[in-house]
Amino acid sequence: MKALNFLFAFITGAAVGAACGILMAPEKGSETREKIAEALKKRGIRLGRKEMDELVKDIAEELEPEAE
């Protein structure tokens, strides 16, 4: 069971790291959204523009350092 938890944590960390790398890359927002949409489509997840914008906004908010 510990090995399964470790594997899950590793995969989750890799996904978050990949999302951070994509979002912080020096590309236009439209290009970044297109890459994210394509990656999701490959996994069978379809999002409209509104849902994609909300997803990007939510991820960006999670990555911002919290104000003290």
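Readers should treat all values here as calculations from the given coordinates under stated rules, not as data from a laboratory. Note that the coordinates shown come from a computational prediction; the quantities given were computed from them, not determined experimentally. Cβ sites come from the backbone with ideal geometry, for glycine too, and all protein chains shown count toward neighbours.
Under the rule of -39500 (n - 2.57) per DSSP H run of 4 or more residues, summed and divided by the residues of the chain, what mean residue ellipticity at 222 nm is obtained, to the nearest 500 deg cm²/dmol?
Details: 3 runs with 51 residues, N = 68.
For the chain, the value works out to -25000 deg cm²/dmol.
Scattering from the C-alpha atoms of the chain alone, worked out with Debye: what is log10 I(q)/I(0) at q = 0.16, 0.24, 0.25 1/Å?
For the chain, the Cα-only Debye profile gives -0.66, -1.12, -1.16.
Treating only the Cβ atoms of Lys and Arg (+1) and Asp and Glu (-1) as charged, compute the dipole magnitude of the chain about its Cα centre; round to the nearest 20 debye. If you can, show how the numbers build up before the last one.
Values: 11 positive and 13 negative charges, 121 e Å.
Computed charge dipole of the chain: roughly 580 debye.
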